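Please read the structure below before turning to the comments.
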Amino acid sequence: MNEKTYKLILQILAIFSLIFVFFVNKELLFPYITSKQFSFNILTELMFALWLVFILKFPKYRPRKNLITFGLLAYLLAITASLFVSVDPQLSFWGDAERMLGLFHVSHFFLFYLVIVSVFRKFKDWQTLLISSVVVATIVSLKGLMGDNTYSFIGNTAYVSGYLIFNLFFAAILFFRENEKKLRWIYSIPVIIMLLEFWQCKTSGAIIGLFLGILLTIFLVGLFHDNKKIKRLSLTLFALAIISVTFIFSQSQTTWFQNSFLKNLTPQKITFQTRLISWQAAAEDFGNHPMLGTGFGNFAVIFDKHFDSKFFNYTTSETYFDRAHNNLIDIASTTGLVGLITYLTIFIFALIYLFRVMKENDFKAGISDFKHRKNLEIILIVSLLAAYFIQNLAIFDSFVTYIGLMITLGYISWLYFDGKEREERKSLIKSQSLEIFLIILFLLFAYIFTANFNIRYKNDLKGAITGYSQMKSGEFQEGLTTFKESLNGGPLDRDARGILINLFTSNRQVLDKLPDEIADDYISYVIENAKKNVSHNSMDSLMNLQLTQVLDVSADYYKDKDEEMYQKLSKEATEAMEIAIKASPERAPLYFAKGQMLVLRGEEEKAIEVVEKGISFNREYYAGYCQLSQFYASMGKQNSEEFSNAFDKCLDLGGIDSIKSSLFLEQVVSQYVNEGDYNRSVVVAKRLHELNPENKDIALSLAKLYYLNSDLDKANEIKDGLKEKNEGIEEEWQSFIQAMNLIEQAENTEEETN
C-alpha cells in the first residue's frame with residue numbers, strides 16, 4: 001500500500017474508535033464499561049499492528065523524540081514497577097470488570113496516542129478528529145437530555161461530565177480555528193447542547209473544574225490579548241467573577257444557600273465528606289509504601305486498613321472504595337512517588353511545549369493574526385488541562401476521559417512540532433513481499449492476542465450474565481453449567497464469581513428446593529469460587545466477608561442434615577470473618593455480622609460483646625443498637641433496661657427502616673404504648689405499617705396512635721383511606737374516640753377531686 005492509503009486507513013480507524021462511546025451491550029457484566037473497553041482494545045491492537053508496518057515502511061511517520069511521549073511511557077513503566085510490590089498483581093495488571101483500568105487496558109490508550117500523533121499531521125486531520133469527537137459528545141448529550149437516564153451511553157454522570165469538559169473545549173478550539181465567520185457560529189450549537197447535559201449531570205467536581213477553567217481562560221486572555229480593550233474587559237470580568245464568587249460563598253450558612261444546589265459545591269456535601277475519609281486513609285498509610293505504593297489499582301487495601309466508621313454518619317451505601325476518588329491521591333497511594341512524579345511530568349512537559357509555542361508567537365493572543373490566534377488556542381488548551389485536572393481531584397479517569405486526554409496530548413504535540421524539520425530515517429521495508437508478509441504476520445499476531453485476551457474474557461463475562469439470568473428464571477442446572485463453562489480462570493473472573501456469590505447468599509431458600517446431590521454440588525462450587533477470590537489477596541476484607549457469608553449460608557443448610565459438615569463450615573466462616581475484621585479493624589458492620597453469626601449458634605452473650613465493640617467505633621451509627629435490641633428480644637429481655645436503651649438509640653438515630661421483623665415491631669409498639677411513649681410508638685407503628693401495607697388492623701392502630709400523639713390530621717388521613725376499602729371503620733373509629741373522651745373525662749374528674 002502507498003503512504004496515503006495507510007494514513008487514511010489508520011485515521012479512519014482512530015476516528016471510528018470514538019464511536020465505542022455508544023457501545024452498551026447489556027449481555028455483558030458492567031455493560032457501560034466492558035462494552036467500550038473490549039471493543040477499543042480489539043480495534044487498537046489491530047490498528048497498532050498495521051501502524052507498525054506503516055512506520056517501518058515510511059520512517060517520516062515514526063513518532064518524534066517527544067517529552068510528552070516520554071512522560072506517558074515513564075508513567076506506564078512506573079505502573080509496571082508497582083506490579084512487583086503489588087498486594088494483588090493480577091488486579092494491578094488486569095483491573096476488574098467494573099473499572100477496566102489495569103495496566104493492560106491503560107496501555108491501549110498509549111498505543112492509541114502513538115497512532116494519532118503519527119498519522120494526524122495537518123490541521124485538517126486534527127479538525128476532522130476534533131469534530132468527530134464533538135459530534136459524538138453531542139449525541140451523548142442529546143441521549144442524556146432526551147432519554148431515560150442522564151448518564152446516557154456512559155453509565156455514570158461523573159464520567160459524562162469529565163467527557164464533556166474535553167469536548168466543550170474542543171468545540172471552542174474549532175470555533176477560533178474556523179476561518180469562515182459564518183461557519184464559526186455553528187460550533188455554538190453543540191456547545192449549548194453539551195452545556196445543558198453538563199448542568200443536568202450536576203457533578204460538583206466537574207462544575208468547579210469547568211468554572212475555574214473558564215475563569216482561567218478569561219484571566220489569560222486578559223494577560224495576553226493583543227487588544228487593550230479586550231484585555232481590560234477580560235481582567236475586569238475576572239475580578240468581578242472572583243468578587244461575586246467570594247460574596248456568594250460567604251453566604252454559605254444562610255437559608256437560601258443551604259436550600260440551593262450551591263451547597264453541593266462546598267465541603268458540606270456528603271460525598272466530599274466520605275471522600276475526605278478515604279484521603280485521610282491514604283495519608284495515614286503512605287509512609288508504609290512511599291516509593292511504589294500498594295500496587296496500581298489496589299487502593300481498597302488502604303481504605304479498608306484505615307477505615308473510619310464515622311463514614312456511616314454520612315452514608316450507609318457504597319462503603320467499599322476501590323479508588324480514592326482523587327486521581328492524584330489514588331496514583332500516589334498505589335504507585336508511590338515514582339508513579340505520581342511520572343504522571344505529573346506528562347502535564348509539565350505539555351505545559352512546556354505550550355509555553356514554547358506561545359513564546360514563538362510573541363506571547364500575544366487574538367483573532368486578528370494567525371500566530372496570535374494560535375496563542376488563543378493554547379490558552380484554551382491550558383484551561384482545558386486545568387479543568388480536567390481540577391475535576392479529577394474528586395474522581396478518577398475512565399474510558400471516555402482517557403480518550404479525551406490522549407487526543408489533547410496528541411494535539412499539543414502536533415502544535416509544538418508543526419513546521420519543524422524531522423531527522424532523516426531509513427525505511428526498513430524495501431520490498432512489497434516483505435511488506436505483505438509483515439502485514440499478515442502482525443495482523444495474525446494481533447488476532448491471536450485479541451482472541452485470547454479480549455474476546456475470550458469478554459465471552460466469560462457474557463457467560464456470567466447468561467448463567468445468572470438462567471438461574472433467576474428457574475433454569476437452575478443450566479445456569480450452574482453456564483457458570484462452570486464461563487469461570488475458567490480468566491483474570492476478570494472475580495467479578496463474575498461475585499455475581500454467583502451474591503446470587504447464592506441472597507437466595508438461601510433455593511437450597512431447600514434442590515435435590516441433595518445438586519445442592520451439595522452447588523454449595524461446594526460456590527465455596528470454591530469464593531475461596532478463589534480470596535486467594536488473589538488473602539487480606540481482602542470484602543472478599544473474606546463474601547466468603548464468610550457463603551460459608552455461613554452453607555453451614556445453615558447442613559445444620560439439621562450433617563452435623564460434622566455444619567461444624568466444619570461454621571468454623572471456616574468464623575475464621576474468614578476474623579480475617580475480614582483484621583483487614584478492616586474499625587469497620588463496624590463486620591462486628592455486627594459476626595454478632596449475628598454467634599446468635600444463630602446460640603452464643604448470645606459473646607454476640608452482644610462483639611456488637612458492643614462494633615458500636616464503640618461510632619456511637620452515632622444506628623445499626624449496632626438496632627441489632628443489639630433484637631438480640632435482647634430474642635433472649636426474652638425485651639422488658640430489660642438494656643433492651644430499652646439499645647432500641648431507644650436505634651430509633652433516635654434513625655435506624656427504624658433497618659428492622660424487618662413485624663413480630664418484633666409489634667412487641668415494641670405495645671411496650672411503648674404501655675409506657676405512654678406515643679412519640680416513639682408512632683415511629684415504630686409507621687414502620688410496621690410499611691412492612692404490612694394491606695393489613696387494616698395495623699393501619700387503624702397507626703391512626704389511633706397518631707390521635708393519641710395529637711396529630712389529628714395524620715390520624716384522619718389514614719382513617720379516611722381505610723373507610724374507602726373497609727366497611728365499619730367509621731363506627732370502630734367513633735367507638736375509639738368515645739372511649740378516649742371517657743378516659744379524658746375520668747382523668748379530669750379525678751384531678752378536680754384531688
Listed peptides 603-616, 79-92, 57-70 by packing density, highest first (mean Cβ within 10 Å)
79-92, 603-616, 57-70
In sequence order, calculated HN-Hα J values of the range 720-725 (Karplus, 6.51, -1.76, 1.60; Hz; x Gly/Pro)
5, x, 6, 4, 5, 10
Which length gain, in nm to one decimal place, applies between LEU434 and PHE355 when the Cα-Cα distance is subtracted from 0.36 nm times their residue separation?
24.1 nm
Loop-located GluC sites (Glu not before Pro) in the range 135-214, at most 16 other Cβ atoms within 10 Å (DSSP):
GLU178, GLU180
Cα axis of helix 563-583 to longest principal axis of the chain: angle in degrees, 0 to 90, nearest 10?
60 degrees
Under a 5 Å amide H to amide H cut-off, with H placed in plane at 1.01 Å, what residues pair with MET291 once short-range neighbours are removed?
LEU337
Between ASP521 and PHE16, 0.36 nm times their residue separation minus their Cα-Cα distance comes to what?
177.2 nm
Under a Cβ-only charge scheme (Lys and Arg +1, Asp and Glu -1), can you give me the dipole magnitude of the range 3-417 about the Cα centre, in debye to the nearest 20?
1840 debye
For the chain, just give the cysteines left without a disulfide-compatible partner, judged by no other Cys Cβ under 4.7 Å.
CYS201
Tell me the mean residue ellipticity at 222 nm calculated for the chain from its helices only (DSSP H runs of n ≥ 4, each -39500 (n - 2.57), averaged over every residue, nearest 500).
-24000 deg cm²/dmol
Which residues' amide hydrogens lie under 5 Å from the amide hydrogen of GLU586, considering only partners 5 or more residues apart or on another chain, with H built in the peptide plane?
PHE307
Determine the shape class of the range 42-175: with a ≥ b ≥ c the square roots of the Cα gyration tensor eigenvalues, call it rounded for a/c under 1.5, and otherwise prolate if a/b is greater than b/c, oblate otherwise.
oblate
I need the shape label for the range 634-751. Rule: rounded when a/c is under 1.5, else prolate if a/b > b/c, else oblate, with a, b, c from the alpha carbon gyration tensor.
oblate
Per the Kirkwood definition applied to all pairs of different Cα atoms, how many angstroms is the hydrodynamic radius of the range 3-417?
22.5 Å
Using 7 Å Cα-to-Cβ label points, what is the ASN507/SER469 separation (nm, one decimal)?
1.5 nm
Take the chain, compute every pairwise Cα distance, and split them into 10 Å bins from 0; I just need the percent in each bin.
2, 11, 18, 21, 18, 13, 9, 5, 2, 1, 0, 0, 0
Can you give the charge dipole size of the range 466-597 about its Cα centre, rounded to the nearest 20 debye, using +1 on the beta carbon of Lys and Arg and -1 on the beta carbon of Asp and Glu?
480 debye
From fewest to most C-beta neighbours within 10 Å, the residues SER39, SER541 line up as SER39, SER541
Charges on Cβ only, +1 for Lys and Arg, -1 for Asp and Glu, centred on the Cα centroid of the range 3-417; of THR80, THR408, LEU183, which one is farthest towards the dipole's positive end?
LEU183
In what sequence, highest mean first, do 686-694, 137-145 appear when ranked by Cβ atoms within 10 angstrom?
137-145, 686-694
Go through LEU344, VAL526, LEU691 and say which Cα lies farthest out towards the positive end of the charge dipole of the chain; charges sit on Cβ, +1 for Lys and Arg, -1 for Asp and Glu.
LEU344
Please list, ordered by chain and number, the residues whose modelled amide H lies under 5 Å from the amide H of HIS225; skip anything fewer than 5 residues away on the same chain.
ALA365
So what J values fall out for the range 284-294 if you push phi through Karplus, 6.51 cos²θ - 1.76 cosθ + 1.60 with θ = phi - 60°, rounded to Hz, Gly and Pro as x?
5, 8, 4, x, 7, 7, x, 8, 10, x, 8
Pulled fully out, how much extra length does the chain show between MET740 and ASP697, if you take 0.36 nm times their separation in residues and subtract their Cα-Cα distance?
13.7 nm
Among 317-326, 728-737, what's the highest-first ranking by average C-beta atoms within 10 angstrom per residue?
317-326, 728-737
Sequence order, the range 320-332: Karplus ³J(HN,Hα) from phi using 6.51 cos²θ - 1.76 cosθ + 1.60, θ = phi - 60°, Hz rounded, Gly and Pro as x, gives 10, 9, 9, 9, 6, 6, 7, 4, 5, 5, 4, 5, 4
So, in Å, what gap is there between the alpha-carbon centers of the range 295-365 and the range 504-560?
37 Å
Straight distance only, please: which lysines reach the Cα of LYS532 with their own Cα at less than 16 Å, same-chain residues fewer than 8 apart left out?
LYS484
Placing +1 on the Cβ of each Lys and Arg and -1 on the Cβ of each Asp and Glu in the chain, which of LEU67, GLY419, PHE120 has its Cα farthest towards the positive end of the resulting dipole?
GLY419
To the nearest 20 debye, what is the magnitude of the charge dipole of the chain about its Cα centre, counting +1 on the Cβ of each Lys and Arg and -1 on the Cβ of each Asp and Glu?
6380 debye
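Any read-out appearing in this document is the output of simple, stated calculations on the displayed coordinates, not a laboratory observation. Quick caveat: nothing in here was measured; it's all calculated off a predicted structure. Cβ sites come from the backbone with ideal geometry, for glycine too, and all protein chains shown count toward neighbours.
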